[in-house]
Every structure is written in structure tokens, then in C-alpha cells.
Amino acid sequence: MAVVAVLGLAALAFLGVREAQRARLVPDGVSPPTFQLTKHEGGSLALSDLKGRVVMLDFWATWCPPCREEMPSLVKLAKEYESQGLVFVAASRDDGPTAPQEVDYFLQRFQPELRPYVVYADDDVARAFQVNALPTLYFLDRDGKVIDAQRGMLSEDGLRRRIERALKR
């Protein structure tokens, strides 16, 4: 009986921490400011250009182990759900003058299929999305409003559930 009580309290504490983390992210229903993001392959992208599609916006960095672990699932699911209106934006938080070279090395060596999705998110973008830990994932609905957010890595099944829920909205 004591074990069940302890497990129950642990589960409640875990859920409380998860909710507190979510509360520190941009709330659902908010339209984030429009930014021009520089694409890794050249050119720029504004999130407002993606209206009409569901956006899976992942803030990551080459030096972030959970980001690196989660990335193959993100790329796989982005390709799988693209025909249903999902757009994947991989917003790199690598910074400094060598960031493009570091990202390019990472792409060549570890994740070449990520290349077309990579943009650079500067400090202003990170502040607007309240990114203070990596990875941080947002889903934007077809009108560009936040509908879901997660700080920390998700399993492929967890990502799939969130993508499917976002596409149904």
C-alpha cells in the first residue's frame, strides 16, 4: 500500500513538473511574431509564409545530445506526414561565426536528410519562443498559432501522436 502511495505521489509530482515546464512556453492560441529565418541552404523563411500548413518547429543544436538523438525521428515523421500538410522547420541554435560550418559538418556526418529543413534561430527568435533549453518543439496550426509545445526530447511515438493531433485541428 505504501509503495502504491509513493508511486502515486511520484506520478503527480512528475505531471506537475511537466505542466510547470509547459507553462513557461508560449501558450496555445498565441501567434508568435514574424521573423525572417536564414535557411542553411540559402535564402530565408518567414513562418507567416507557411500559413495553411501545420508547422513542426524544433529548436535544436549540434552540441545537444537529446537533440541529436531525437532528430532521426523528426526527419522520418516530417517526410511521412508532409503530404498531409506538415512542414518541418529545424531551427538551429548553434551560434557564432562558425555555426554554418558546424551545422554543415553535422549534416554531412550524421544527418544528411535534415539539410532542407535547417534554418538559424537567433536570440530574438529564441526569446520570442521562450527557448531556454534544448530541444524545444512547437506546433503551429494552419493559421500560424501555437497549438502545442514541448521542452525536452520526445519518443517517436510521442512525436507521432502530437503530429496527428496537430493535423486534425
Checklist outcome for this item: Taking the stretch 34-49 and keeping only residues that are closer than 18 Å to Leu137 by Cβ and modelled with pLDDT of 95 or more, one is left with Leu37, Leu45
Checklist outcome for this item: Taking the stretch 74-112 and keeping only residues that are farther than 16 Å from Val55 by Cα and small (Gly, Ala, Ser), one is left with Gly96, Ala99
Checklist outcome for this item: The one condition Glu80 fails out of (1) more than 13 Å from the chain's Cα centre (by Cα); (2) under 22 Å from Leu167 (Cβ atoms); (3) touching a residue at least 24 places away in the same chain (Cβ under 8 Å) is (3)
Item to check | Unique residue being in contact with a helix residue (DSSP H, G or I) (Cβ under 6 Å, 6 or more places away or on another chain) and of a type in the set (Phe, Trp, Tyr) when the list is Phe59, Phe88 | outcome: Phe88
Checklist entry - Within the set of pairs 6+ apart or on separate chains, which have a first residue in the stretch 49-74 that is assigned to a strand (DSSP E or B), a second that is among the small types (Gly, Ala, Ser) and open to solvent by 10 Å² or more (accessible area, probe 1.4 Å), and C-beta atoms under 6 Å apart? => result Val54/Gly85
Item to check | Top-ranked residue of the stretch 91-104 - restricted to ones that are assigned to a loop (DSSP other than H, G, I, E, B) and in contact with a helix residue (DSSP H, G or I) (Cβ under 9 Å, 6 or more places away or on another chain), ranked as most open to solvent (accessible area, probe 1.4 Å) | outcome: Asp95
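The values are calculated or read from the model by the stated rules, or taken from the named source; none is laboratory data. These figures come from a predicted structure and were not determined experimentally. Using ideal geometry, Cβ is built from the backbone for each residue, glycine included, and neighbour counts are taken over all protein chains shown. Calculation scope for accessible area: heavy atoms of the full protein, side chains included, ligands and nucleic acids excluded. Shrake-Rupley method; radii C 1.70, N 1.55, O 1.52, S 1.80 Å.
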